[in-house]
Amino acid sequence: MTGFVAAVSLIFGVLAWLQMPAVCGFMLSSTLAGAGNYMYSLWLGAMVAVIGLASGGRALLRAGKHPLLLIGVLLNAAFLLWAIFGHASYGGACIDVYFYFTPVQ
């Protein structure tokens, strides 16, 4: 059972990180106002990371030594910490993506 929970936690950790370039690059960067709304991507990633932590937290406290579980919990916790303390770097990158792909007229 720990293997399944570890896989779920790992998948949610990977999704928390991968949704950011997808949301910013493909959806929000179509307009400059959208590129400035990168916080929606952070909130989505935070919700996914919280679900990943909640799914793996109990197994981590009980069994705790499964490598996939440790990696999944680390990915989820790292995303949450980065969303709290380092989100400005992503906001700047999202706006830069908009200006990079917008043709000069």
Condition first: within 15 Å of Ala22 (Cβ to Cβ) and either without any contact (Cβ under 8 Å) to a residue 24 or more places away in the chain or of a type in the set (S, T, N, Q) (or both). Now tell me which residues in segment 48-67 satisfy that.
none
Does Ala78 satisfy being assigned to a helix (DSSP H, G or I), at pLDDT 80 or above and either at negative phi or not aromatic (Phe, Trp, Tyr) (or both)?
yes
Within segment 50-70, can you find the residues that are surrounded by 14 or more Cβ atoms within 10 Å (Cβ to Cβ) and assigned to a helix (DSSP H, G or I)?
Val50, Ile51, Gly52, Leu53, Ser55, Gly56, Gly57, Ala59, Leu60, Leu68, Leu69, Leu70
What about Gly64, is it modelled with pLDDT under 90 and on the phi > 0 side of the Ramachandran plot?
yes
Tally time: how many residues in segment 81-95 are touching a residue at least 24 places away in the same chain (Cβ under 8 Å) and within 12 Å of the chain's Cα centre (by Cα)?
3
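The values are calculated or read from the model by the stated rules, or taken from the named source; none is laboratory data. Treat the numbers as computed from the prediction; the structure is a model and nothing was measured. Positions of Cβ are backbone-derived with ideal geometry, glycine not excepted, and every protein chain shown enters the neighbour counts.
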